[in-house]
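The values are calculated or read from the model by the stated rules, or taken from the named source; none is laboratory data. Worth saying up front: this structure is predicted, and the values here are computed from it rather than measured. All Cβ positions, glycine included, derive from the backbone under ideal geometry; neighbour counts span all protein chains shown.
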Amino acid sequence: MTYEEALQKLAPAGQEHLLRYYGELSEGEQESLLSQIEALDLSLLELIKEGVQEVKKGKIEPLGAVTLEEIEEKKDGYEKKGLQAIQACKVGAVLLAGGQGTRLGFDKPKGMLNVGVNRELYLFEQLIHNLLAVVKQADAWVPLFIMTSEKNNEDTTRFFQEKKYFGYNPDYVYFFVQDMAPSVGYDGRIYMESKAKLATSPNGNGGWFSSLAKAGLLDKIRELGVEWLNVFAVDNVLQKIADPVFVGATIEAGCVCGAKVVAKAEPEERVGVLCLEDGKPSIVEYYEMTDEIIHSRDEDGRLLYNYGVILNYLFGVETLTRIMNERMPVHVVEKKIPYLDENAELVKPEEPNGYKFEELVLDMIHMMDNCLSYEVERSREFAPIKNRTGVDSLESARELMAYNGIEF
Ligand code: UTP
């Protein structure tokens, strides 16, 4: 793209300021800036033109879950089936590690957080440890795909190399980098991060499959014969990965996807709830719930919308490939965005100062024809580290680690 073409693209959208320092840049920087502008998706700006509107939901109905008791009863059969799939290399794992962990405020990739007290124990290490337990049980490696972002890819890959993949087989680890989206001020003007760089941030965890495909890894998936992908978050220390019982249950149920869920701690708990929307599986976020959804109970007094998701999903590759090019909803989120001010000084705001655009993996559930809602025990499988202190923090995760006999 030439300078003139860039200007032609930006001017109608009122974004010419992105070229303000063009004349001061080296040739290489000019080229880089032009290619960023070329790749820029200006249609995202439409989403904030008339104020931020959340995506509208359809008709919501409850969706039960296969419960802990039911799973316990059929555990052996499920486990056998899951292990067979793992041994046939039909199950891969996808670690979502492209986020910025802004709530935690840790300046390195979140997986590099040391959760240990008496010894070093990194989040990445604990996750690999959990996966290795399955590898050992199945006596087969599980291909592990790790999504990073432009912002943390170098640190993450170097860390894995330095730590010798925490004992995992590097031949079965594949890194890929997710896409970025522009960050904008409340006035709709895209921020700059430096004179030659637009302010961008990872575009949410929803684009993981298309980013994986873009990185050429679909060929690898086909070559290996992977039919299922277990997607999970980086920040849950108790995360069970490629859990054979979960895999077996989803296959046995004949579903195209499965979601691990926990019974809500209280009706108002701030979790996304798995339910049906217009007859298809869907997740309603806590801020989208009506009073009726929050409090409705069945005749036995149980909450009708009782099962919260924990970001651990199993997706069939065939369906993922089919829906890959369908457009996902884009969520507009308020965040603190570092930006260049009028004097070309970098400002790191203390308060949110604009919007980022994100696609979310939970929206993928609604693109599936069906989904096995699979209950797990919260205290055994869910200890996310989102905040510095309090709810879902390092503190609370350590308590749960101790409860589960993990030395740290
Ligand atoms: P969160 O929604 O908790 O976001 O991510 P975050 O970026 O880690 O933290 P905050 O909201 O800024 O505090 C849930 C999972 O999705 C991944 C995260 O790394 C985490 O494993 N994620 C999130 C991505 O891989 N890419 C993204 O763009 C966003």
Hey, among the residues in region 230-249 that are more than 14 Å from the ligand (Cβ to nearest atom) and in contact with a strand residue (DSSP E or B) (Cβ under 7 Å, 6 or more places away or on another chain), which one's farthest from His331 (Cα to Cα)?
Ala249
Region 161-219, residues that are part of a loop (DSSP other than H, G, I, E, B), within 11 Å of the ligand (Cβ to nearest atom) and modelled with pLDDT of 95 or more:
Gln178, Gly204
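Just give me the residues in region 125-160 being part of a loop (DSSP other than H, G, I, E, B) and at pLDDT 95 or above, in sequence order. Outline the logic, then answer.
Pass one, region 125-160, residues part of a loop (DSSP other than H, G, I, E, B): 139-143, 149-152.
Those that are part of a loop (DSSP other than H, G, I, E, B) and at pLDDT 95 or above: Asp139, Ala140, Trp141, Val142, Pro143, Ser149, Asn152.
Kindly indicate which of Val256, Val271 is in contact (Cβ under 8 Å) with a residue 40 or more places away in the chain and touching a strand residue (DSSP E or B) at 6+ places or on another chain (Cβ under 6 Å). Even if it seems obvious, please write down each step before you answer.
Values: Val271 fails: in contact (Cβ under 8 Å) with a residue 40 or more places away in the chain.
Only one candidate passes the filter, namely Val256.
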Answer yes or no: is there a residue in region 130-144 that is touching a strand residue (DSSP E or B) at 6+ places or on another chain (Cβ under 6 Å), crowded, with 20+ Cβ neighbours inside 10 Å, touching a residue at least 40 places away in the same chain (Cβ under 8 Å) and closer than 22 Å to Ser373 by Cα.
no
Going through (1) part of a strand (DSSP E or B); (2) of a type in the set (Gly, Ala, Ser); (3) within 15 Å of the ligand (Cβ to nearest atom) one by one, Gly390 fails only at (1)
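Taking the condition small (Gly, Ala, Ser) and more than 15 Å from the ligand (Cβ to nearest atom), does Ser379 pass? Before the answer, list the steps.
Working: small (Gly, Ala, Ser): yes; more than 15 Å from the ligand (Cβ to nearest atom): yes.
Yes, satisfied.
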Examine region 91-110 for a residue that is assigned to a helix (DSSP H, G or I), surrounded by 12 or more Cβ atoms within 10 Å (Cβ to Cβ), at pLDDT 95 or above and not small (Gly, Ala, Ser), and state whether such a residue exists.
yes
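Residue-by-condition table, conditions (1) buried (at least 17 other Cβ atoms within 10 Å of the Cβ); (2) modelled with pLDDT under 95:
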position: Val309; (1), (2): yes, no
position: Tyr313; (1), (2): yes, no
position: Val317; (1), (2): yes, no
position: Thr321; (1), (2): no, no
position: Met324; (1), (2): no, yes
position: Val347; (1), (2): no, no
position: Ile365; (1), (2): yes, no
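Are any residues in region 338-361 acidic (Asp, Glu) and outside any strand (DSSP E or B), and if so, which ones? Before you say what the answer is, go through the steps one by one.
Within region 338-361, the first condition is being acidic (Asp, Glu), and the residues that meet it are 341-342, 345, 350-351, 358-359.
Correct list: Asp341, Glu342, Glu345, Glu350, Glu351, Glu359.
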Selection from region 1-47 of residues that are surrounded by 12 or more Cβ atoms within 10 Å (Cβ to Cβ) and either among the β-branched types (Val, Ile, Thr) or not in a helix (DSSP H, G or I) (or both)
Met1, Gly14, Gln15, Arg20, Tyr21, Leu25, Ile37, Leu40, Asp41
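Of the residues Met368, Met364, only one is closer than 25 Å to Gly316 by Cβ, in a loop (DSSP other than H, G, I, E, B) and under 19 Å from the mean Cα position of the chain (by Cα); which?
Details: Met364 fails: in a loop (DSSP other than H, G, I, E, B).
Sole residue among the options that is closer than 25 Å to Gly316 by Cβ, in a loop (DSSP other than H, G, I, E, B) and under 19 Å from the mean Cα position of the chain (by Cα): Met368.
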